[in-house]
Amino acid sequence: MESLQFDWIMGSKWYAVYTRARWEKKVADLLSKSGVENYCPLNKVVRQWSDRKKVVEEPLFTSYVFVRIEAKQHALLRQTDGVVNFVYWLGKPAVIRDGEIELIKRFLNEHINVRLEQTRVSVDDRIRILNGPFMEMEARVIAVNNRTVKAILPSLGYTMTAEKENVEVI
């Protein structure tokens, strides 16, 4: 396989790639050896055995590894052992914001036994706002984007846009 090494260029972005089952650490290691910047978020989990407790590191996202590459390197990346494909959003490889990668890194450095919970929000769902000036108010969802929810607050006559993590479906 050709080397995937590259210099820091402004065109490189974070992408999520699917890996074979239980290959997250192996893929991250192979990518590192090829010179590809990658991140396999590892969650510190306390495991109980009959005679002891131990903290082990498990991938936070099963079958995902994040890579920072340029678009022209996509074909080469797919040739890496264990890489199945890119995670797609709207027909294109999903670009992950630098801030989201940093947030994951910081969160995992500060906490153990982290759990992921996928939240689904759909148009016409009733939601409750969790924080901010409209905290505890209920609203009806009128639009959903990949990071935001647009909801109508009928009692106030406002439409608001909120990040998905600041609302809960009721």
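The values are calculated or read from the model by the stated rules, or taken from the named source; none is laboratory data. These numbers were taken from a predicted model, which means no experiment stands behind them. Ideal geometry is used to build each Cβ from the backbone, glycine not excepted, and the neighbour counts take in all protein chains shown.
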Scan of the range 53-73 for residues that are among the aliphatic types (A, V, I, L, M) and part of a strand (DSSP E or B), ordered by number: 55, 56, 65, 67, 69
Subset of the range 106-122 (residues that are surrounded by 12 or more Cβ atoms within 10 Å (Cβ to Cβ) and either at pLDDT 80 or above or part of a helix (DSSP H, G or I) (or both)): 107, 108, 114
Condition check for residue 76: in a helix (DSSP H, G or I), within 16 Å of the chain's Cα centre (by Cα) and outside the structural domain of residue 148 (by TED's automatic domain parsing): no
Qualifying residue in the range 27-44 (condition: small (Gly, Ala, Ser), closer than 27 Å to residue 111 by Cα, at pLDDT 95 or above and surrounded by 16 or more Cβ atoms within 10 Å (Cβ to Cβ)): yes
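Do we have residue 138 as modelled with pLDDT under 85 and over 22 Å from the mean Cα position of the chain (by Cα) here?
For residue 138, the condition - modelled with pLDDT under 85 and over 22 Å from the mean Cα position of the chain (by Cα) - is met.
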